[in-house]
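Report on the structure given below.
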Amino acid sequence: MMGDAFAPVNLYEQGSQEARGEQARMASIVGALAIADLVKSSLGPKGMDKILQSTSRGGNVSVTNDGATILKSVLIDNPAAKVLIDISKVQDDEVGDGTTSVCVLAGEFLRQAAELIEKKMHPQTVVAGYRLARDAALKALDTAAVDHSKSPEDFRQDLINIAKTVLSSKVVAQDKEHFAEIAVQAVLKLKGSTNLDQIQIIKRIGGTLTDSYLDPDGFLLDKKISVGCPKRMTNCKVIVANTPMDTDKVKIYGAKVKVDSVAKVAEIEAAEKAKMLDKVDRILAHGCNVFCNRQLIYNLPEQRMADAGVMAIEHTDFDGTERLALVLGADIVSTFDTPDNVKLGRCDLIEEVMIGEDKLIRFSGCPNSQASSIVIRGANEHVVDEAHRSLHDALCVLSQTVKNTCIIPGGGATEMLMAQAVDEASQEIGGKQSLAMEAYARALRAMPMHIADNAGYDSAELVAELRAKHFAGKHSFGLQMDTGTVEDMWAHGICDSYQVKKQVVISSSEAAEMILRVDDIVQCAPRNRQQ
C-alpha cells in the first residue's frame, strides 16, 4: 500500500517540461556554448563573416560579422543562449563594440566551469572563485590603462589607433585609415557629447568604399527642393515646421455639406483656398526664406512660396526634422500665430548637391558645429550596410573613449595580462576557489587563441610564446595578425578602449555566473489553439 505514496505526482500542466539538476545545467551550458561557437569564428581582425537570410518574402540577406547583429537575427529556443544574446545587446547599447568578444568570453567561462562541475565541484564554489578572479582581472586591467588626454595630439593619435583597431575586424579593414579619420573627425566635433544622433549617416550605393567622406561643415538632408523654388539660397533663415500644408479641406469626420448648385461648391473651394493662403502668409510673416516641413506641401502653398522666393522642402522625415532643428538651432513650429517668439534656424548656404545619381540638399555653415554628415559609398547594398554597422561601432567606441580617456594595448595583450594576474592571485587562496580561478585564467587565455585560429596561425605556439613574454614582464605584447607574430602592441598602434574591455569582462563574468547558478528549467505548456 505504501508504494503508491511515492508514485510520481504530475505537478505541471500537461505538455510542460522540467529539467533538473545536472541535466538542466548541462542544457544551459550546451546552449550557451553553441551560441559562443556560432560567433567565435568572427572574432578578431581575420574573423569570418556570416550570411543571415530571413525567412520572409524576398528572403533579405545581410552579410555581417558584428556579433550583436548576428545574434539579434538568430531565433533561439534555449533559455541560456538567450542570456548570451542579451548581454551582447547590452554591450552594443552600452559601448557599441566588443559584442562578439563578450559572447565568446562568457562561453569560455562556461566551458571551463563545466569541466570543474563534472569533477564534482559545486557550482556555487565555482561562482565564488570566478568572483575573486574577476576582481583580480579588473585590477590588472586598471594597471594596463594609459591616459593621454592631457595632450590633444597624442590623444587624437590614440583615437585614430582605436578606430583602426576597431575597424580592422570589419569589412572596411582595407580602408581603415580612411574610415578611422572620418570617425575621429566626427566624434571630435561632438565635443565630448555621446549623442550620436548628431552624426547623420547617409548610405548611397555606387562608387567604392574609399569614396565615402565626411562633410566637414555641412549637413546633408536626403530630400528634394520643391518645384519652382530657388535651388540655392544664401544667408538663410529657416523655419522648421511640423504642420499640415495640404489644402484645408473640411476635415470633420462625417461632415456633410448640402449645396443646391455647383457655384456653391466653388465658393467652398475658394474659402478653403483662402484659408490655406492665409496660413502661408502667416508663415511668410516670420521673415523666413526657407521653409522645411515634416509633412507634405500641396501645390498651392508651394506655388505661393515659390512666388515669394522662399525655398520649400517637404517631407523632412521625423529623424531629419529633429536633427535639422538641432543643427540649425531652430524650434520645431506647428502654429504660426506668434512670429516674434519663434526661433528661426540660420545657416550660410543651402544648395542641391549630387551624390552618385541622387540629389541631396546641403546646409553649410550651421551654427551648431557639433553635427556632421557622413556619406558612405559602396559597391552594393550589403557592403554599404556592413560599412554602416562598422562605422557605428567605431563611433560608439570613440565617443565612449572621449568620455573615459584611458586606452589599453590590443591584440590579446590585456587578456594575457589579466590571466597572469588571476593566476598569481589564485596562489594566495587556499581552498577550492583557487581551482575555479585557474579555470578563469584559462578562459581568458582562450581569447587570443581564437583570434590566432581565425587567422589560420598555430594558436598553441603563439599563445605559449605570448605567455612567456608576459611572465617576463612585457605586458604590452600581443598578437600581430598581419604577420602572425608576437609583437609590442604600442609600437604598432594596436589599442583598445579601456571602457570597452572592462565592460566585456564584467558582462561576460556576470552572464556566466548567472547561467551556472541554474539548476532547474521549467518550460510552460504551449497554449492549445482551438480551431
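Relative to the longest principal axis of the Cα atoms of the chain, the long axis of helix 498-516 lies at roughly 60 degrees.
Note on the stretch 452-531 and the stretch 372-435: Cα centroid distance 10 Å, given to the nearest whole angstrom. With the simple model of a label 7 Å out from the Cα in the direction of the Cβ, E428 to K275 spans 8.0 nm.
Between the residues T335, V63, L516, the greatest Cα displacement towards the positive end of the dipole of the chain, with unit charges on the Cβ of Lys, Arg, Asp and Glu, is found for T335. Once you order the gyration tensor axes a ≥ b ≥ c over the Cα atoms, which shape class does the chain get: rounded for a/c under 1.5, otherwise prolate or oblate by comparing a/b with b/c? Oblate, because a/c is 1.5 or more while a/b does not exceed b/c. Ranked by the mean number of other Cβ atoms within 10 Å per residue, highest first, peptides 410-416, 59-65 order as 410-416, 59-65. When you count the other C-beta atoms within 10 angstrom of each residue and take the mean per peptide, 417-425, 376-384, 333-341 line up highest first as 417-425, 376-384, 333-341. With the highest mean first, a sort of the peptides 280-292, 443-455 on other beta-carbon atoms found within 10 angstrom per residue produces 443-455, 280-292. If R0 is 30 Å, the Cβ-Cβ spacing of A468 and L138 corresponds to a FRET efficiency of close to 0.80.
Take the stretch 151-279 with all the other protein chains still there, run a 1.4 Å probe, and you get 53 Å² of accessible area per residue.
When only the Cβ of Lys, Arg, Asp and Glu is charged (+1, +1, -1, -1), the dipole of the stretch 218-365 relative to its Cα centre reaches about 160 debye.
Once the Cβ-Cβ distance between Q124 and V30 is put in as r, and R0 is 30 Å, what FRET efficiency do you end up with, to the nearest 0.05? Efficiency for this residue pair is about 0.90.
So in the chain, what percent of DSSP beta bridges are antiparallel if you round to the nearest 5? Mind showing how you got there, number by number?
Values: 39 of 56 bridges.
Expressed as a percentage, antiparallel bridges in the chain total about 70.
Dipole magnitude for the stretch 353-426: computed about the Cα centre from +1 point charges on Lys and Arg Cβ and -1 point charges on Asp and Glu Cβ, it is near 520 debye. A straight chain from V63 to R527 at 0.36 nm per residue would run longer than the Cα-Cα distance by 163.4 nm. Taking Cα atoms only, the orientation of helix 123-144 departs from the longest principal axis of the chain by about 60 degrees.
Farthest toward the dipole's positive end in the chain, which of L75, A285, Y440, given Cβ charges of +1 (Lys, Arg) and -1 (Asp, Glu) about the Cα centre? In the chain, that residue is A285. Comparing P367, L116, N299 along the charge dipole axis of the chain, the residue lying farthest to the positive side is N299, per the Cβ-charge model. Against the chain, whose longest principal axis comes from its Cα atoms, helix 152-167 is set at around 80 degrees. For the stretch 51-124, the solvent-accessible area with a 1.4 angstrom probe is 47 square angstrom per residue. Sorting I521, I313 on solvent-accessible area from highest to lowest, probe radius 1.4 Å, gives I521, I313. Over the chain, dividing the summed -39,500 (n - 2.57) contributions of all DSSP H runs of at least 4 residues by the number of residues returns a 222 nm mean residue ellipticity of -16000 deg cm²/dmol. Modelled spin-label separation between Q295 and D86, with each label point placed 7 Å from Cα along the Cα-to-Cβ direction: 4.2 nm. A Förster distance of 30 Å, applied to the separation of the beta-carbon atoms of V353 and A173, puts the FRET efficiency at 0.55. Put a plus charge on the Cβ of each Lys and Arg, a minus charge on the Cβ of each Asp and Glu, and nothing anywhere else: the dipole of the chain about its Cα centre is then about 940 debye.
For Q23 and D246, the difference between the fully extended length at 0.36 nm per residue and the C-alpha to C-alpha distance is 73.8 nm. The convex hull of the Cα atoms of the stretch 218-365, projected and averaged over all directions, covers 10.2 nm².
The values are calculated or read from the model by the stated rules, or taken from the named source; none is laboratory data. The structure displayed is predicted, hence computed values, not measured ones. Heads up, the Cβs are rebuilt from the backbone with ideal geometry, glycines too, and the neighbour counts pull from every protein chain shown. The accessibility values were calculated without ligands, DNA or RNA, using every heavy atom of the protein model including side chains. Shrake-Rupley method; radii C 1.70, N 1.55, O 1.52, S 1.80 Å.
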